[in-house]
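Below: the structure, in structure tokens.
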Amino acid sequence: MKVAIVGAAGRMGGRLIQAVQETPGMELTGAVERTGHPQLGADAGLLAAVGKLGIKITDDLVATMANADVLIDFTFPEVTLKNLEICAQQGKMVVIGSTGFTPEQKQQAAHFAETIPVVLAPNMSVGVNACFKLLKEAANILGDDFDVEIVELHHNKKKDSPSGTAVRMGEVVADTLGRDYNQVANYHREGMCGARTHEEIGMQTVRGGDIVGEHTVYFIGMGERIEISHRAMSRDMFARGAVRACQWLQDKDPGLYDMQDVLGLS
Ligand code: NAD
């Protein structure tokens, strides 16, 4: 399977290059960065510290995809949507790790996925996806008797807040409890804002240092509390999840899938 990576010089890019190189049956055939990036022309393998690969970082996605079966895209929604259009024109599969999609942007992604198979997942880790399943179970058991609050921590360079994973966790709980996440998510409490409503799901964000990603969902009842937490210790498991998604996509029909589909948890 020939794989191209966009955002190749980013934090996830290096991990993805390594994960593809380590996977039997997968070959890195392209590494793409934004026009003007200082690493254009550099060897992708040297950049990812996996040794020289003879693949130069380029800003030409159209030419790159002519020699690839699948694109792994860990950039940003507005960039990803442009890349999706190119992949749809060329009939190539796409695995998207970019986070921060608005509902409208997600709809646009779904539109492109009408003609090509696409996995879009705000978190590619197996552990986080297991958490989504556990959260559904917990919300089903605990019902409306427990207040739900979500806290996430990330490094100080993260651009979107709250994280796509935290939002997905909120959506899973809200859907299970028969609530509309967009109506009940509460991102801000300050001053005399009054007691929390029963339905709301508090979303709190911490940013600092080099934290890879931590999420805790609190189910808080009278006299007891359940916490479901996930802590990412490195970015490698996100990259391995993306590679697994590429392999899973190989025989799939066009459509928009997520990691729950890839892992058989949906
Ligand atoms: P980063 O800023 O280190 O890397 C992003 C890279 O994309 C940069 O090198 C940047 O130059 C490049 N880029 C920007 N515009 C581009 C363009 N037009 N064409 C090509 N390349 C372009 O960020 P990161 O920490 O690697 O994260 C990237 C994305 O992946 C973020 O949205 C982040 O939230 C997400 N992420 C998702 C998961 C997951 O499991 N789904 C895990 C970690 C990070």
Checklist entry - When THR197, THR58 are ordered from fewest to most other Cβ atoms inside 10 Å of their Cβ, what list results? => result THR197, THR58
Item to check | Theoretical FRET efficiency, 1/(1+(r/R0)^6), r = Cβ-Cβ of ASP210 and ASP160, R0 22 Å, to 0.05 | outcome: 0.80
Checklist entry - What is the set of long-range amide H partners of GLY213 at a cut-off below 5 Å, with H atoms built 1.01 Å from backbone N? => result ALA232
Next on the checklist: Report D for the range 22-69 in µm² per second (integer): Stokes-Einstein, Kirkwood Rh on Cα pairs, 37 °C, 0.692 mPa s.
Outcome noted: 291 µm²/s
Next on the checklist: Once R0 is set to 25 Å, what does the formula 1/(1 + (r/R0)^6) return for the Cβ-Cβ distance between LYS2 and ASP253, expressed as a FRET efficiency to the nearest 0.05?
Outcome noted: 0.75
Item to check | Two-site FRET efficiency, ASN182 against ARG34, from Cβ-Cβ distance with R₀ of 30 Å, rounded to 0.05 | outcome: 0.45
Checklist outcome for this item: Over its alpha-carbon atoms, the range 115-214 yields an Rg and a Dmax in Å of 14.7, 51
Item to check | Gain on full stretching of the segment that runs from ALA49 to GLU114 - 0.36 nm per residue minus C-alpha separation | outcome: 19.7 nm
Checklist entry - Could you give me the ³J(HN,Hα) list for the range 196-205, computed from phi with Karplus coefficients 6.51, -1.76, 1.60 and θ = phi - 60°, whole Hz, x at Gly and Pro? => result 5, 7, 5, 7, 5, 10, x, 10, 10, 10
Item to check | Helix axis angle, 77-90 relative to the chain longest principal axis, alpha carbon, degrees | outcome: 50 degrees
Next on the checklist: Could you tell me the extents of the chain's C-alpha atoms along the three principal axes, largest first, rounded to whole Å?
Outcome noted: 61, 39, 31
Next on the checklist: How compact is the range 141-266 by the rule of thumb for globular proteins, expressed as Cα Rg over 2.2 N^0.38 Å?
Outcome noted: 1.21
Checklist entry - Which angle from 0 to 90°, rounded to the nearest 10, does the C-alpha axis of helix 236-249 make with the longest principal axis of the chain? => result 70 degrees
Checklist entry - the range 196-243 to the range 58-133: how many Å between their Cα centroids? => result 24 Å
Next on the checklist: Pairs of alpha-carbon atoms within less than 8 angstrom and 6+ residues apart define the contacts here; what relative contact order does the range 194-263 have, in percent?
Outcome noted: 20 percent
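Values in this text are rule-based calculations from the coordinates and carry no lab data. Predicted, not measured: the structure shown is a model, and the values here were computed from it. Note that we place each Cβ from the backbone using ideal geometry, even for glycine, and neighbour counts take in every protein chain shown.
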